[in-house]
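K.L.:
Handing you a structure now.
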Amino acid sequence: MKARTRAAAILLTPFFLLFTAVMVVPIGYAVWLSLFTEKQSGLGFGGTETVFTGLDNYTAALGDRAFREGFGVLLGYCLFYIPLLLVGALGLALLLDSALARARRFFQLALFLPHAVPGIIAALIWVYLYTPQLSPVVKAMEAGGIGFDFFSPEGALPSVVNIALWEWLGYNMVIFYAALQAIDRSVLEAATVDGAGAWRIAFSIKVPLVKASLAMVGLFTIIGSLQLFTEPLILNKGTGSAVTSTWTPNMYAYTAAFDRNDYGLAAAASVLLALTAALLSFAVTRLTGRRAARKERTA
């Protein structure tokens with residue numbers, strides 16, 4: 001083995017060991033667990049035994065209306081949340097990158113600060129702000145003649161989206177702002193000399209040059225959205241909340257495992273969710289790759 005190859009192998013070994021330990025082994029165990037179920041022998045009076053059931057757990061999950069409705073909730077969440085996040089984060093980044101912006105460091109810190117708050121704490125704060133008997137926000141809305149129940153079937157999804165936006169808007173804004181700062185200033189100066197205004201520079205030059213970052217953030221946001229769990233789990237504890245214990249696929253798996261002790265069904269639901277995330281990631285990557293290749297051919 002050549003010295004360069006040996007050095008590369010040594011440097012890559014920690015990564016592959018960690019990747020195997022935290023990714024490959026858990027996924028493999030989940031797949032194995034999804035093929036079995038525990039049944040009680042002796043008409044329910046004996047001990048439990050692990051029985052191989054093949055794909056029965058997958059059939060049970062896909063045949064369960066609650067699991068399918070969870071994917072419907074995720075679809076509505078993604079259609080509502082992802083465009084708001086991308087447009088909001090990119091808009092704030094463009095605003096901070098503009099010549100009119102002042103106190104950039106302060107606003108970067110102020111916008112990023114919510115992301116530093118742990119998700120559970122953030123969700124608890126917002127549950128307090130959503131609770132009619134406690135929240136000053138709800139009282140102010142009622143005083144202004146605005147009645148809105150954040151825990152109702154109509155208000156549950158916007159409530160969760162609002163929490164997620166509060167947590168992740170500043171984080172993704174920082175990514176976009178870093179990409180904007182990497183743009184060659186001479187390109188922007190040339191556009192200004194040619195008479196381009198601030199809006200034209202922003203949408204005709206800056207946005208196209210940060211499309212790679214936009215695609216990356218979009219992909220990671222899709223994957224993260226499919227794992228929606230903490231925010232609705234906390235809202236589920238709210239008084240009169242329409243968020244059920246199976247509101248999302250992750251909550252369905254959690255309930256199956258820890259409320260019903262059906263670990264095989266929980267593992268099957270988790271594997272199906274992971275496959276959905278993998279397929280969507282592949283589709284988004286292929287789509288962005290094709291567009292980039294098409295632009296290179298036409299250039």
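The values are calculated or read from the model by the stated rules, or taken from the named source; none is laboratory data. For clarity, every value in this text was computed on a predicted model and none was experimentally measured. Reconstructed Cβ throughout: ideal geometry from the backbone, glycine too, with neighbour counts over all protein chains shown.
A quick yes/no check of all residues on (1) farther than 25 Å from Met251 by Cα; (2) at pLDDT 95 or above; (3) surrounded by fewer than 16 Cβ atoms within 10 Å (Cβ to Cβ):
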site: Gly42; (1), (2), (3): yes, no, yes
site: Thr53; (1), (2), (3): no, no, no
site: Tyr77; (1), (2), (3): no, yes, no
site: Ile82; (1), (2), (3): no, yes, no
site: Val87; (1), (2), (3): yes, yes, yes
site: Gly91; (1), (2), (3): yes, no, yes
site: Leu94; (1), (2), (3): yes, no, no
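K.L.:
Quick one: would you say Gly119 is in the same structural domain as Leu235 (by TED's automatic domain parsing) and either modelled with pLDDT under 85 or more than 27 Å from the chain's Cα centre (by Cα) (or both)?
P.N.:
yes
K.L.:
Still on this model: Could you tell me how many of the residues in the stretch 1-34 are of a type in the set (Phe, Trp, Tyr) and surrounded by fewer than 10 Cβ atoms within 10 Å (Cβ to Cβ)?
P.N.:
Within the stretch 1-34, the subset of a type in the set (Phe, Trp, Tyr) is 15-16, 19, 29, 32.
Imposing the further condition that a residue be surrounded by fewer than 10 Cβ atoms within 10 Å (Cβ to Cβ) reduces the set to 15.
Count: 1.
K.L.:
Here's a follow-up. Please work out which residue is nearest to Cys78 (Cα to Cα), limiting yourself to the stretch 149-200 and to residues that are charged (D, E, K, R) and in a loop (DSSP other than H, G, I, E, B). Steps first, answer last, please.
P.N.:
Our first condition is that a residue be charged (D, E, K, R); within the stretch 149-200, this holds for 149, 154, 167, 184-185, 189, 194, 200.
With in a loop (DSSP other than H, G, I, E, B) added as a condition, the list becomes 149, 154, 184, 194.
Numbers: Asp149: 22, Glu154: 16, Asp184: 34, Asp194: 40 Å.
Top of the filtered list is Glu154.
K.L.:
Identify the residue in the stretch 102-115 that is loosely packed, with under 12 Cβ neighbours inside 10 Å and either of a type outside the set (D, E, K, R) or at pLDDT 85 or above (or both) and, among all such residues, is nearest to Leu165 (Cα to Cα).
P.N.:
Taking the candidates together, the pick is Leu113.
Let's see how each residue does on (1) among the small types (Gly, Ala, Ser); (2) not assigned by TED's automatic domain parsing to the domain that holds Phe151:
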| residue | (1), (2) |
| --- | --- |
| Ala61 | yes, yes |
| Gly91 | yes, no |
| Phe106 | no, no |
| Phe112 | no, no |
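K.L.:
Look through Phe220, Phe229 and report the one residue that is within 13 Å of the chain's Cα centre (by Cα) and without any contact (Cβ under 8 Å) to a residue 12 or more places away in the chain.
P.N.:
It is Phe220.
K.L.:
Limited to the stretch 120-142, what total is found for residues that are in a helix (DSSP H, G or I), of a type outside the set (Phe, Trp, Tyr) and without any contact (Cβ under 8 Å) to a residue 40 or more places away in the chain? I'd like the intermediate steps shown before the answer.
P.N.:
Filtering the stretch 120-142 down to residues in a helix (DSSP H, G or I) leaves 120-130, 136-142.
Those left that are additionally of a type outside the set (Phe, Trp, Tyr): 120-125, 127, 129, 136-142.
Subset that is without any contact (Cβ under 8 Å) to a residue 40 or more places away in the chain: 121, 125, 129, 136-142.
The total comes to 10.
K.L.:
Can you find a residue that is surrounded by fewer than 18 Cβ atoms within 10 Å (Cβ to Cβ) and part of a loop (DSSP other than H, G, I, E, B) anywhere in the stretch 221-233?
P.N.:
yes
K.L.:
Now, a different point. Would you mention how many residues in the stretch 240-264 are more than 22 Å from Leu275 (Cβ to Cβ) and buried (at least 21 other Cβ atoms within 10 Å of the Cβ)?
P.N.:
Of the stretch 240-264, the ones more than 22 Å from Leu275 (Cβ to Cβ) are 240-245, 258-261.
This time we only want the ones that are buried (at least 21 other Cβ atoms within 10 Å of the Cβ), so: 241, 243.
Matching residues across the stretch 240-264 total 2.
K.L.:
A follow-up question, please. Could you please let me know if Ser213 is surrounded by 18 or more Cβ atoms within 10 Å (Cβ to Cβ) and without any contact (Cβ under 8 Å) to a residue 40 or more places away in the chain?
P.N.:
In short, yes.
K.L.:
Which of the residues belonging to the stretch 235-252 are at pLDDT 90 or above and not in a loop (DSSP other than H, G, I, E, B)?
P.N.:
Pro249, Asn250, Met251, Tyr252
K.L.:
Say whether the condition of being under 20 Å from Pro249 (Cα atoms), part of a helix (DSSP H, G or I), at pLDDT 95 or above and of a type in the set (Val, Ile, Thr) is met by at least one residue in the stretch 58-69.
P.N.:
Yes - at least one qualifying residue is present in the stretch 58-69.
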